[in-house]
Amino acid sequence: MTDATVTPEFTIQRTFKAPIDRVFDAWADPVQMARWSGPEGTQVTVLSGNIATGATLHARSDAADGAVLYTLCDYRTVDRPDHLVYDQSFADAEGNVVPCPFFDAWPATLRTDIRFEAVEGGTRITLRWIPVDPTAEQAASFVAAMDSMTGGWSGSFDKLDSYLAA
C-alpha cells in the first residue's frame, strides 16, 4: 500500500461434498472452471491461457443482462490438490489490464489464495481475497464491499456445489 493502512482481507469458507481432487480440479481446469464460475446466469469463456504456476488466463464473462467483463488471472501457485493462488485483474478484450468498470476506487489487482482441505464427507476450502498494493481509498472501497463479496462468492459456491453433484 502507499500508506501505513493495513491491507484488508476478505475470507470465506465452504465445505463441498466431493473429494479434494475433484474440488481442486474444478478450480484448476479451465474447462471445468468456466462451467461454474461467476454469478448465476453468467457464461464464462476462456479466451487464452492455462491454469498452471506462472501461466496467465484471459477470460470473458457474459452476464444475463448483456454486460460483458474480461478478466486476467496470473497464476502464482498451483499445488495440486492443496493450494491455488492467482492475481486477478479486470481486462479488455485484448488482455490489457483496465480499471474496474463499476467501482472508481477498486484495487487494480486482487490476490485470490485458496486452501483445500480433505474433511470427513468432502473438502473444505478457505478462500482469501487480498488487494495487492491498494491505495487507502481502494482499501476502504474493498472493505465497504465485503458484504457484497460474501453474497457473490456464496452464489458461485452454490453453482460449484451443483456442478460437483452432477
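The values are calculated or read from the model by the stated rules, or taken from the named source; none is laboratory data. In this text the structure is predicted, and so the values were computed from the model without any measurement. Heads up, the Cβs are rebuilt from the backbone with ideal geometry, glycines too, and the neighbour counts pull from every protein chain shown.
Annotations
- Entry remark, the range 17-37: residues being more than 20 Å from residue 76 (Cβ to Cβ) and touching a Lys or Arg at 6+ places or on another chain (Cβ under 8 Å) number 2 in total.
- Restricting the first member to the range 122-144 and to residues that are over 30 Å from residue 21 (Cα atoms), and the second to residues that are polar (S, T, N, Q) and part of a helix (DSSP H, G or I), the beta-carbon pairs closer than 9 Å and six or more apart or on different chains are 134/141.
- Selection within the range 91-107: residues that are in contact with a Leu (Cβ under 9 Å, 6 or more places away or on another chain) and in contact (Cβ under 8 Å) with a residue 12 or more places away in the chain. The member of this set that is surrounded by the fewest Cβ atoms within 10 Å (Cβ to Cβ) is 93.
- Test: residue 80 is in contact with a helix residue (DSSP H, G or I) (Cβ under 7 Å, 6 or more places away or on another chain), modelled with pLDDT of 95 or more and of a type in the set (Lys, Arg): yes
- Residue within the range 139-157 that is on the phi < 0 side of the Ramachandran plot, touching a Lys or Arg at 6+ places or on another chain (Cβ under 7 Å) and hydrophobic (A, V, I, L, M, F, W, C) present: yes
- Test: residue 26 is assigned to a helix (DSSP H, G or I), within 13 Å of the chain's Cα centre (by Cα), under 15 Å from residue 161 (Cβ atoms) and not aromatic (Phe, Trp, Tyr): yes
- The number of residues in the range 41-90 that are over 13 Å from the mean Cα position of the chain (by Cα), under 22 Å from residue 159 (Cβ atoms), touching a residue at least 40 places away in the same chain (Cβ under 8 Å) and in a strand (DSSP E or B) comes to 2.
- Residues that are modelled with pLDDT under 95 and either touching a Leu at 6+ places or on another chain (Cβ under 7 Å) or of a type in the set (Gly, Ala, Ser) (or both) were ranked within the range 51-69; the one that is farthest from residue 102 (Cα to Cα) is 64.
- Residues in the range 111-121 that are in a loop (DSSP other than H, G, I, E, B) and either touching a residue at least 12 places away in the same chain (Cβ under 8 Å) or small (Gly, Ala, Ser) (or both): 121 only.
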